[in-house]
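Right, one structure below, let's go through it.
The values are calculated or read from the model by the stated rules, or taken from the named source; none is laboratory data. Remember, predicted model here, so these are calculated numbers, not experimental data. Note that each Cβ is placed from the backbone with ideal geometry, even for glycine, and that neighbours are counted across all protein chains shown.
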Amino acid sequence: MGVRDLTYVIDKPMTHSFPSTDEYSPKVCDANNFENCGVDGVKEIFDHVLPGGLSRPRVAHEDFSKFGTLLLFDQTEFLGGNTVSSMDSMGMIYIPAYCIKKKCRVHVSLHGCLMGMNSTAGFESLPGYHYGDMYVLYSSYLQYAALNDIIILAP
């Protein structure tokens, strides 16, 4: 992919945020982290970068864990001692069950401002999760990855 493959979207009512149609995303169009304004950002991304687009729909918000495993990992070794890095000390990886024994694609999902593991991102924590999980949980990456055999790496 090159510069000619980029898509510049200016006809949607969004601000400095990640567009998500996840049912639990805030239903606002002027947020500073997530916006639920009818634009499915993850589907748009995957349909644009994957040859042929997504082959299967996303699973329900809470069902991703039925199809794979979400793990935390220590990524401090990749920071090279840089204490001012915008990377958090912990990252997350979602591995669909299918990908344990088969080859799968890997998508590196870089979070936006105030969406890292050390940020509250404006959400209250859900039982079993902490604030830093919100980007990974509400973006719909896991829900699409579950049935489309895509490993999600979220540093």
(message) Go through the range 38-97 and report how many residues are outside any strand (DSSP E or B) and either within 20 Å of Met134 (Cβ to Cβ) or not aliphatic (A, V, I, L, M) (or both).
(response) 40
(message) Just to verify a result, which residue in the range 67-77, among those that are closer than 15 Å to Ile95 by Cα and without any contact (Cβ under 8 Å) to a residue 24 or more places away in the chain, is surrounded by the most Cβ atoms within 10 Å (Cβ to Cβ)?
(response) Leu72
(request) Would you please list the contacts, defined by Cβ atoms under 8 Å and residues six or more apart or on different chains, that run from a residue in the range 135-150 that is over 15 Å from Lys66 (Cβ atoms) to a residue that is buried (at least 23 other Cβ atoms within 10 Å of the Cβ) and β-branched (Val, Ile, Thr)? (result) Val136/Ile152; Ser139/Val42; Ser140/Val42; Tyr141/Val42; Tyr141/Ile152
(message) Among the residues of the range 7-21, what is the count of those that are modelled with pLDDT of 80 or more and surrounded by 11 or more Cβ atoms within 10 Å (Cβ to Cβ)?
(response) 4
(message) Given the options Val84, Val59, Val106, name the one that is among the aliphatic types (A, V, I, L, M), at pLDDT 85 or above and exposed (fewer than 15 other Cβ atoms within 10 Å of the Cβ).
(response) Val106
